[in-house]
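Taking it in order: structure first as structure tokens, then the write-up.
The values are calculated or read from the model by the stated rules, or taken from the named source; none is laboratory data. Just so you know, these numbers come straight off a predicted model, no measurement behind them. Don't worry about glycine lacking a Cβ; one is built from the backbone with ideal geometry, like all the others, and counts go over all protein chains shown. To get the accessible areas, we keep the full protein, side chains included, count just its heavy atoms, and leave off ligands, DNA and RNA. Shrake-Rupley method; radii C 1.70, N 1.55, O 1.52, S 1.80 Å.
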Amino acid sequence: MKNKIFLYLFIFAALIALYLFVSGGKMADVKDQKIQALRTEVQQLKDSVQNAQLKALDMQYFSLENNDDALAYYDHLQLQDPARYIADKLLETNESKGDNPLIPYEGMESDFKLNRIKLLNHKWIIADFSDGKYWGEIQLKYELKDDLGVDFTLMDHLLYTRSN
């Protein structure tokens, strides 16, 4: 009788050991799959961040802030941030009553005012304008003078038509 109890105990212990061995192997496989999936996701995120950085660099290519040759044009003026200074001067044209004088259209819903400004280099600016419903873009030529005055000249313009 004692032998049968030890035999059953041994068989029961062997079955438990076999179960633990098999389930441990399966758990290890599942964890390995999860780790591999996380590694793949991390790699995709790294690639996504790298692509976003490349796009940001590409978008900054035509920009006064990143154009050393164009910035050197203003070295003699001792301006900390020429791009911000010129953009501020351009935004001051919005302060006039009525439509902005640089925009060759009359506002339909309200007055046309400049919204976003992009200084391309030491001579050209692209800006968009809107009256709240209608919008368009202008291309300007500008000159920053030694007395820190800025002259803006309209080069081209467009007004988007609204299709409903």
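Using the Cα centre of the range 19-116 as the reference point, and only Cβ charges (+1 on K/R, -1 on D/E), how large is the resulting charge dipole? Debye, rounded to the nearest 20. Could the numbers behind the result be given before it?
Numbers: 11 positive and 17 negative charges, 177 e Å.
Dipole about the Cα centre, nearest 20: 860 debye.
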- Query: For the range 139-155, what does the Karplus curve 6.51 cos²θ - 1.76 cosθ + 1.60, with θ = phi - 60°, yield as ³J(HN,Hα) per residue in whole Hz, taken in order and with x for Gly and Pro?
  - Reply: 10, 10, 10, 9, 9, 8, 8, 5, 8, 6, x, 10, 9, 10, 10, 6, 9
- Task: For helix 82-92, report the angle its Cα long axis makes with the longest principal axis of the Cα atoms of the chain; keep it between 0 and 90° and round to the nearest 10°.
- Result: 60 degrees
- Task: Considering only lysines 8 or more places apart in sequence, or on different chains, count the pairs in the range 16-157 whose C-alpha atoms sit under 20 Å apart.
- Result: 18
- Message: Please check: in the Gaussian network model of the chain (C-alpha springs, under 10 Å), which one of Phe129, Phe112, Phe21 has the largest mean-square fluctuation.
- Response: Phe21
- Message: Compute the angle between helix 2-59 and the longest alpha-carbon principal axis of the chain, please, reported from 0 to 90 degrees and rounded to the nearest 10.
- Response: 10 degrees
- Note on the structure: Quarter of the surface of the C-alpha convex hull for the chain, i.e. direction-averaged projected area in nm², equals 20.5 nm²
- Roughly how many Å² is the accessible area per residue of the range 55-160, as a whole number, for a 1.4 Å probe? 64 Å²
